[in-house]
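The values are calculated or read from the model by the stated rules, or taken from the named source; none is laboratory data. All figures in this text were calculated on a predicted structure; none of them were measured in a lab. Here Cβ is always computed from backbone atoms with ideal geometry, including for glycine, and neighbour counts include all displayed protein chains.
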Amino acid sequence: MIDLYYWTTPNGHKITIFLEEAGVDYTIKPIHIGKGEQFAPDFLKIAPNNRIPAIVDHEPIDGGAPLSLFESGAILQYLAEKTEQFLPAGLRDRASVMQWLFWQMGGLGPMLGQNHHFGSYAPEKIPYAINRYVKETERLYGVLDTQLEGREFIADDYSIADMACYPWIVPYQTQQQNLEDFPNLKRWFEAIQARPAVQRAYDIAKTISTESTMTEEAKQILFGQGRR
C-alpha cells in the first residue's frame, strides 16, 4: 500500500499517472497547498522541502519499516524499480530514460513553472521576465519535439520520462505555446492523453479539487515563503 500525499499540480499528476499505469494499490492523502497544509509538522516529517508529491510505502521490498520519499523524480524512479515497470533494466536504455527524467526535473518543470508564475500569478507584469520564460519554454518544447522525431515515446518505449514530462505540457496554452508548431510533440501529447490510465489519473484529480488553487491568500502562502 502506498500513501500518496498529493495535490492537483503537474508534479502531483506524475505520480497518479504512474500508479494508475502500474496498477499499484494506493491511497491519496490530499495536501491543499493553497491553504498551507504543506507546512503541517506531520507532513514535513515526510517532505522536509514542504512540497508535494510525497509517498509513504508501507511495504518496501526490503521488508523493513515504512519508507517515505519526496521529490517527484525520485518517487518515479523508486516506484519503477519496485514494480519493475516503465524503467528498462539494460544499461543504455535505462540511462536514456534517466537523462530525460533529469531533464524534466532540472529544466522543463522549473522553467515552465516560472512561465506560469510571471505570466499568470505575479502581481506585476514584467515583460522581460514573461518573454524570457515564454522563449525558454519554446526552446524546451523544441528539444522535446526533436527527440520525438521518429520515436513513439521520449526514450523509445513508454517510461517514467513520458510520465514526468506530459503533465507539464498539458497547460501549453497558458504557457503561450501552440502545439501545431511542434508536430512530433503534438503526436506524442495526443497519444499520452488518450491512454486510459492517464485519463483515470486526471479524473481522480477532479475528485480532489475543481477550484483554482491560486486565490490571493494562496499566492501569499505559495509565493511569500522565506526560511520561516
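The table that follows gives values for the structure above.
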quantity	calculated
Extreme residue, surrounded by the fewest Cβ atoms within 10 Å (Cβ to Cβ), among residues of segment 174-218 that are of a type in the set (Asp, Glu) and either at pLDDT 95 or above or in contact with a Ser or Thr (Cβ under 6 Å, 6 or more places away or on another chain) (or both)	GLU180
Segment 3-33, residues that are under 24 Å from HIS117 (Cβ atoms), touching a helix residue (DSSP H, G or I) at 6+ places or on another chain (Cβ under 7 Å) and assigned to a helix (DSSP H, G or I)	PRO10, ASN11, HIS13, LYS14, ILE15, THR16, ILE17, ILE33
Exclusive hit being assigned by TED's automatic domain parsing to the domain that holds PRO10 and over 24 Å from ASN50 (Cβ atoms), set LYS206, LYS219, LYS186	LYS206
Filter pass, ALA161 being touching a residue at least 60 places away in the same chain (Cβ under 8 Å), among the hydrophobic types (A, V, I, L, M, F, W, C) and in a helix (DSSP H, G or I)	yes
Residues of segment 6-62 classified as in contact (Cβ under 8 Å) with a residue 24 or more places away in the chain, aliphatic (A, V, I, L, M) and farther than 19 Å from PRO110 by Cα, total	9
Qualifying residue in segment 186-206 (condition: over 14 Å from LYS14 (Cα atoms), in contact with a Phe, Trp or Tyr (Cβ under 6 Å, 6 or more places away or on another chain) and among the aliphatic types (A, V, I, L, M))	no
Number of positions in segment 117-153 that are of a type in the set (Phe, Trp, Tyr) and either touching a strand residue (DSSP E or B) at 6+ places or on another chain (Cβ under 6 Å) or modelled with pLDDT under 95 (or both)	1
Segments classed as helices (runs of 4 or more DSSP H), wholly inside segment 45-146, with at least 3 members that are assigned by TED's automatic domain parsing to the domain that holds THR27 and surrounded by 19 or more Cβ atoms within 10 Å (Cβ to Cβ)	72-83
GLY36 surrounded by fewer than 17 Cβ atoms within 10 Å (Cβ to Cβ), in contact with a helix residue (DSSP H, G or I) (Cβ under 6 Å, 6 or more places away or on another chain) and not acidic (Asp, Glu)	yes
